[in-house]
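A short write-up of the structure that comes next.
The values are calculated or read from the model by the stated rules, or taken from the named source; none is laboratory data. The model shown is predicted, which means the values in this text are computed figures rather than measured ones. FYI the Cβ positions are ideal-geometry reconstructions off the backbone, even for glycines, and counts take in every protein chain you see.
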Amino acid sequence: MNYRHQYHAGNFADVMKHAVLVQLLRGMQAKEKGFLYLDTHAGRGGYDLEAAASGLTQPRAPEWPDGIGRLWTRRDLPAEMADYLEQVRTFDAYARTAADTTTTNPSDDEQRLGPRFYPGSPRLAQGLLRPQDRAMLFEAQPDEAAALAQEFIGAKRVSVQALDGYTGVKAALPPPERRALVLIDPPFEAQEEWSRIIGAITAGLARMPAATFAVWYPLTTRAKLTDFYRQLMAIKTLPPCYTVELTIAGEEAGFKMRGSAVLVLNPPWGSEGPMRALTRYLAPVLAQAEGATGGLHWLVPDL
Ligand SMILES: C[S@@+](CC[C@H](N)C(=O)[O-])C[C@H]1O[C@@H](n2cnc3c(N)ncnc32)[C@H](O)[C@@H]1O
């Protein structure tokens with residue numbers, strides 16, 4: 001496992017995924033009853049974007065300027081994006097205080113076009129948990145898991161598991177709350193990632209047919225995606241589901257990853273409108289070449 005999310009934190013894919021996640025959490029909270037938030041691939045929880053600019057051996061071009069950096073000073077945010085940005089700003093302020101980062105030159109901060117600290121999915125979720133909600137975070141890479149445990153030391157209603165997240169789906173569902181939102185956000189380093197996702201969804205639905213699943217995946221080759229959707233549609237118990245998609249360039253631009261998507265199974269009632277609104281807004285703002293698009297597509301309509 002070579003993947004380190006730190007280098008990608010706050011990039012265009014994170015922005016879309018995390019804005020979607022915030023809306024899913026809001027949708028779950030439309031009901032008073034508590035739920036379990038299960039993060040199968042949690043990462044380290046929060047990221048220092050300054051550290052992300054230095055690779056293990058040499059400096060790397062940070063990815064956040066073309067993600068969160070493009071939103072940071074905008075004044076035309078729709079409600080869904082303002083909601084997400086507010087969570088990012090709150091985490092940034094909290095983490096600065098915790099790290100006591102008084103920069104040597106205050107104008108460095110004034111010139112920054114983004115946060116210094118960026119919340120990963122666990123921190124975003126934790127920031128929105130109500131007293132009746134709870135989070136379980138799985139992270140298999142030992143260093144990342146240790147950092148995650150450190151990030152949440154003493155946190156109430158949050159448990160960190162240094163274990164395989166796919167196994168976590170089987171172990172944790174159904175939870176006593178009988179309501180769950182499962183985020184599956186793997187690194188896609190291995191070819192079998194796609195089939196492991198299908199396996200986890202199948203096993204998860206067998207244990208808890210009404211659970212909400214959100215799966216992040218890259219929009220790369222058409223063949224790969226066609227195969228994924230074929231395997232997905234072959235799940236006999238597949239519930240209503242849609243994909244939220246955002247591309248930053250058309251196919252002809254030749255990007256290795258021209259966008260990303262979040263597949264949502266059993267979406268919370270009323271979530272379709274907010275998802276459409278945020279992708280409509282993000283497509284032109286995050287575009288890197290001609291042909292950027294955003295949208296929502298039902299795979300199994302909610303009749
Ligand atoms: C894309 S990152 C997660 C980012 C995080 N969800 C967020 O939005 O902030 C994927 C993470 O999964 C971890 N990982 C890889 N395989 C795993 C597995 N089988 N189970 C749990 N974690 C895994 C990697 O170490 C990495 O930290």
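Could you look through region 171-208, keep only residues that are within 13 Å of the ligand (Cβ to nearest atom), among the acidic types (D, E) and part of a loop (DSSP other than H, G, I, E, B), and pick out the one that is nearest to I235 (Cα to Cα)? Here the residue is E192. Annotation note: Cβ proximity below 7 Å between a residue of region 67-84 that is touching a residue at least 12 places away in the same chain (Cβ under 8 Å) and a residue that is among the charged types (D, E, K, R) (sequence gap 6+ or interchain) occurs for G67/D14.
Might you check whether a residue that is at pLDDT below 95 and surrounded by fewer than 15 Cβ atoms within 10 Å (Cβ to Cβ) occurs anywhere in region 270-279? Outline the logic, then answer.
Residues of region 270-279 that are at pLDDT below 95, as a first pass: none.
Looking for residues that are at pLDDT below 95 and surrounded by fewer than 15 Cβ atoms within 10 Å (Cβ to Cβ), one finds none in region 270-279, hence no.
Selection of region 189-221 for residues being surrounded by fewer than 16 Cβ atoms within 10 Å (Cβ to Cβ), of a type in the set (A, V, I, L, M) and closer than 19 Å to M28 by Cβ yields only A210.
For region 148-167, enumerate the residues that are over 18 Å from the mean Cα position of the chain (by Cα), more than 14 Å from L38 (Cα to Cα) and part of a helix (DSSP H, G or I). The answer is A149, Q150.
P186 satisfies every condition listed in (1) surrounded by fewer than 16 Cβ atoms within 10 Å (Cβ to Cβ); (2) under 21 Å from the mean Cα position of the chain (by Cα); (3) not aliphatic (A, V, I, L, M) except (1).
Tell me yes or no: at least one residue of region 250-261 is out of contact with any Asp or Glu (no Cβ under 9 Å at 6 or more places or on another chain) and polar (S, T, N, Q).
Quick first cut of region 250-261, residues out of contact with any Asp or Glu (no Cβ under 9 Å at 6 or more places or on another chain) only: 251, 254-257.
Among the residues that remain, those that are also polar (S, T, N, Q) are: none.
No, every residue in region 250-261 fails to be out of contact with any Asp or Glu (no Cβ under 9 Å at 6 or more places or on another chain) and polar (S, T, N, Q).
When each of P267, P274, P209 is tested for being out of contact with any Leu (no Cβ under 7 Å at 6 or more places or on another chain) and under 21 Å from H41 (Cβ atoms), the lone residue that passes is P267.
Every listed requirement among (1) farther than 29 Å from A30 by Cα; (2) in contact with a helix residue (DSSP H, G or I) (Cβ under 9 Å, 6 or more places away or on another chain); (3) loosely packed, with under 14 Cβ neighbours inside 10 Å is met by A289 save one, (3).
The set of residues in region 235-283 that are more than 20 Å from the chain's Cα centre (by Cα) and either at positive phi or without any contact (Cβ under 8 Å) to a residue 12 or more places away in the chain (or both) comprises K236, G254.
Taking region 123-133 as the range and being surrounded by fewer than 20 Cβ atoms within 10 Å (Cβ to Cβ) and not in a loop (DSSP other than H, G, I, E, B) as the test, the residues that pass are G127, L128.
Can you say whether E144 is farther than 28 Å from P240 by Cβ and either surrounded by fewer than 15 Cβ atoms within 10 Å (Cβ to Cβ) or not aliphatic (A, V, I, L, M) (or both), as far as the supplied structure shows? Show your work before the answer.
Numbers: farther than 28 Å from P240 by Cβ: yes; either surrounded by fewer than 15 Cβ atoms within 10 Å (Cβ to Cβ) or not aliphatic (A, V, I, L, M) (or both): yes.
Taking the combined requirement at face value, the residue satisfies it.
The residues of region 1-48 that are more than 9 Å from the ligand (Cβ to nearest atom) and part of a strand (DSSP E or B), listed by number, are L36, Y37, L38, D48.
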